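See structure below.
Taken together, the values in this text are just the output of simple stated rules run on the coordinates, not laboratory data. These figures come from a predicted structure and were not determined experimentally. Using ideal geometry, Cβ is built from the backbone for each residue, glycine included, and neighbour counts are taken over all protein chains shown.
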Amino acid sequence: MLLFGLSWAGSAQSGEAYRRGVEALAQRDYARAAEWLHQAEDQSPGATNASLLCAKALVHLNHYAEAEQSLRGYIKSHPGVADAQFLLGYVLFRADQPRESLAVYTRAAALERPAAGDLKIVGLDYVLLNDYPDAIRWLERSVAENPADVEAVYGLGRAYYTQNVFDKSIAAFQQALKLDPLVGKAHNNLGLALAAQNRLEDAEAAYRRAIQVDLEAGKRSEQPYINLAELLIDRNRVPEALQLLDTARHIEPRADRIEPLRGRALLSQGRPSEAEAAFRTALATQPESGVLHYQLGRTLKRLGKNDEAAREFERSKALLGAHSASAQ
């Protein structure tokens, strides 16, 4: 981290603000650091790297818009400082601007060789762009240089999983959990990869561990509950699955997989009226889902509502056909 690389050319007042800002940054008092460093830059623009250090404090505070503004001001007068370029690339990634982030990383790499952490963010930029082959390429490089980076190893596992490379995905998630066994999402995604290989007992254990880890950490994600419920529905363990889905709905009522799974579970229990309600609720937020229209049609047919069922089957056929054509 560049701290004192520039000679002082400002006033005594701004020098005091700079000193206090650097001191607060070293003490991890990021709010005070940002305040003092912003003041130092205002009092003596361009005299120091105060705006760069201010941006670093703002990043720690998750104030990415302000950090970007501070960095762009610094880079305008110091375009050759790689540290600032790399940090701007990270800030743009966190602001969900992956294309802009990649462009900045390209400029930064022309100034200085990227570190493993920079390669990781480049890989994660490609994840945001749904370009998983490139994501894998950069994340593999990052992990090769720093195999102890849990976020990079986990991200690589997710990229492998998305590309159906399940053996490597499982290995990556297991490695992430060796590094930190308390990463609930790694347990959950390990379950997904194991289920994809039909290793259902191992997948169930992974989902349950994800739930337990999150509970012990005092936070809850609906995802392992939903994934475990789907696995149990497929194994005809419907009552427990419905309990899990109720818990998931309490955690995140808007999760779009809950009602379709409830519909499937209720229909398998011979409760078609309740299943109809679940599928209609799901369609209210996913009206273009051909699969949901088909499932609702099957439910309506079970209820003897044949005309309505026929309309749902036609709607399903039209949607699935349109999607199939657009995918070709």
Measure nothing but the geometry: give the 0 to 90° angle between the long axis through the Cα atoms of 98-111 and the longest principal axis through the Cα atoms of the chain, rounded to 10°.
-> 40 degrees
222 nm [θ] for the chain, helices only, -39500 (n - 2.57) per DSSP H run of 4+, per residue, to 500?
-> -24500 deg cm²/dmol
Enter the angle in degrees (range 0 to 90, nearest 10) between the Cα long axis of helix 166-179 and the first principal axis of the Cα atoms of the chain, meaning the one along which they spread out most.
-> 50 degrees
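So if I place +1 on the C-beta of Lys and Arg and -1 on the C-beta of Asp and Glu, and nothing else carries charge, what would the dipole magnitude of region 256-328 be about its Cα centre? I want it in debye, nearest 20. Present the calculation step by step, with values, prior to reporting the outcome.
Values: 12 positive and 9 negative charges, 46 e Å.
Using Cβ point charges on Lys, Arg, Asp and Glu, region 256-328 gives about 220 debye.
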To the nearest 10 degrees, how steep is helix 290-302 against the longest Cα principal axis of the chain, on a 0 to 90 scale?
-> 30 degrees
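Under the Kirkwood approximation for Rh and a Cα-based Rg, what ratio Rg/Rh is obtained for the chain? Working shown, then result.
On the way: Rg = 25.8 Å, Rh = 23.2 Å.
With Rg and the Kirkwood Rh in hand, the quotient comes to 1.11.
If packing is taken as the mean number of other Cβ atoms within 10 Å per residue, what is the order of 117-126, 48-57, 189-198, highest first? Each step should come with its number before you reach the end.
Details: 117-126: 23.3, 48-57: 26.7, 189-198: 20.7.
Final packing ranking: 48-57, 117-126, 189-198.
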The farthest towards the positive end of the charge dipole of the chain, of the residues Gly263, His250, Ala95, given +1 on Cβ of Lys and Arg and -1 on Cβ of Asp and Glu, is Gly263
Provide the per-residue ³J(HN,Hα) series for region 50-66, in order, calculated from phi with Karplus coefficients 6.51, -1.76, 1.60 and θ = phi - 60°, each as a whole number of Hz, with x at glycine and proline positions.
-> 4, 5, 5, 5, 4, 4, 5, 5, 5, 4, 4, 8, 6, 9, 6, 5, 5
Within the chain, what's the longest run with no GluC sites (Glu not before Pro) in a DSSP loop and at most 14 other beta-carbon atoms within 10 Å? Give the range, please.
-> 113-287
Region 16-130: C-alpha pair distances exceeding 18 Å, % = 49 percent
Lys, Arg +1 and Asp, Glu -1 on Cβ, resulting dipole of the chain about Cα centre, debye, nearest 20 | 720 debye
State, to one decimal in nm, how far the label point of Lys317 lies from the label point of Asp246, with both points 7 Å from Cα in the Cβ direction.
-> 4.0 nm
Counting alpha carbon pairs within less than 8 Å and at least 6 residues apart, what relative contact order, in whole percent, applies to the chain?
-> 6 percent
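If you average 1/r across every pair of different Cα atoms in region 242-291 and take the reciprocal, what Kirkwood value do you get, in Å?
Working: mean 1/r = 0.0919 Å⁻¹.
Taking every pair of different Cα atoms in region 242-291, averaging 1/r and inverting gives 10.9 Å.
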Candidates Ala205, Ala186, Ala103; GNM for the chain (alpha-carbon contacts under 10 Å) flags as most fluctuating Ala103
By what distance, in whole Å, do the Cα atoms of region 87-186 stretch along each of the three principal axes, largest value first?
-> 35, 24, 21
Determine, for the chain, the count of lysine pairs separated by eight or more sequence positions (or lying on different chains) whose alpha-carbon distance falls under 23 Å.
-> 11
Most fluctuating residue given options Tyr225, Tyr154, Tyr74, as computed from a GNM of the chain linking Cα atoms under 10 Å | Tyr74
What is the sum of charges around Asn49, taking Lys and Arg as +1, Asp and Glu as -1, for the other residues whose C-beta is under 14 Å from the C-beta of Asn49?
-> +1
